[in-house]
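Working notes, structure below.
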Amino acid sequence: TYRTIFNLPITVNGHYYFAEGAYFRPFVGLGLGTMYSDQELYYNIYVTEEENWGFIARPEIGTLINFSNTSDVNMILSAGDNLSNFWVSIGIAFTN
């Protein structure tokens, strides 16, 4: 047998930052939304497939790294766990 699972979360995220104006600004966040899931089970030449949508709540913790006081471009690092998935995110954040 061969099993595949595809998940696509679509969330709106909110962050609470603990330190204003610092180079490292730690935060906690919460993403709420929906998630599409497609599960497939292949055995020999047959396949069983199930698709569904569900509610998702994604708590996260991370930090915003400001490389320069004159720049609005920052690096964001975060991680989280919602009981079925663990993730680590690295990205670029634009602030003003």
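A short reminder: the numbers here are calculations on the coordinates, not readings from a lab. None of these values were measured; they are calculated from a predicted model.
Data for the structure
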read-out: Amide proton proximity set for Ile56, modelled H, under 5 Å, gap of 5+; value: Gly33, Thr34, Met35
read-out: Phi-based couplings in Hz for segment 9-18 (Karplus 6.51, -1.76, 1.60; Gly and Pro marked x); value: x, 10, 10, 10, 10, x, 10, 10, 9, 8
read-out: Alpha-carbon radius of gyration plus Dmax, which is the widest Cα pair, for segment 1-61 in Å; value: 18.2, 59
